[in-house]
Amino acid sequence: PPTPGATSPAVPPPHVIRAPCPTGVHLRCRMTDRATPNLPARDLVGTSGFYARLGFVEEYRDDGWMILRRGEVTLEFFPFPDLDPSTSSFGCCLRLDDVDDFYAVCRAAGLPETTRGWPRIHPPRRERSGLRIGALIDPDGSLLRLVQNGRSGPIGEGGRQPGRGGGHQRGGPQ
């Protein structure tokens, strides 16, 4: 426990990184921390073509890696030629400013709204968490949850609704 009257060290805003250097002085640099999903692709060329229909642009590709970008969303892919899409458990969340717009892009690209097969799309709907979430299953069976950015409902601390468990449920739209 803290000593009474002691002050806690200032915590930098999330976009400021304090990194130690050999002199012991903290360096401040403005960077955005981020994580990018690494998803499998049975065929990098085919995967690039699929995501291009959804507005993604290929930023990098060689025989062992591919990076696609759509606005601020980055997806990275590795070759997995023997992947069975029916047993794939790969997935990620895309946090989107306009989930309805992305859903419309997917539908305009011909993705079916169905409960079986891949690729397919599930429309965004309000979940118990208060968030609007849809789903995209790509040609390799990866589940991309489409999550509307912002506070879409009565979410309390920790992303939970007041008075509810709010725990994460595995799965998603089927």
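The numbers here are math on the coordinates, done by the rules we state, and not lab data. Remember, predicted model here, so these are calculated numbers, not experimental data. Ideal geometry is used to build each Cβ from the backbone, glycine not excepted, and the neighbour counts take in all protein chains shown.
Sort the following peptides by mean Cβ neighbour count (other Cβ atoms within 10 Å, averaged over residues), highest first: 75-87, 95-107.
Values: 75-87: 13.8, 95-107: 16.3.
Top of the packing list down: 95-107, 75-87.
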Residue-wise HN-Hα coupling along the range 95-110, computed from phi with Karplus coefficients 6.51, -1.76, 1.60 (Hz; x: Gly, Pro): 8, 10, 5, 9, 5, 5, 5, 5, 4, 5, 4, 4, 5, 5, 7, x
Viscosity 0.890 mPa s, 25 °C: Kirkwood-radius Stokes-Einstein D of the range 27-91 over Cα pairs, µm²/s: 190
Placed amide H near LEU39: partners under 5 Å, 5+ positions off or other chain: GLU76, PHE77, PHE78
Ratio of the Cα radius of gyration of the range 33-131 to 2.2 N^0.38 Å, where N counts its residues: 1.11
Nitroxide proxy distance, nm - points 7 Å out along Cα→Cβ at ASN149 and ALA35: 1.9
Virtual spin-label span in nm between TRP65 and VAL105, 7 Å along Cα→Cβ: 2.4
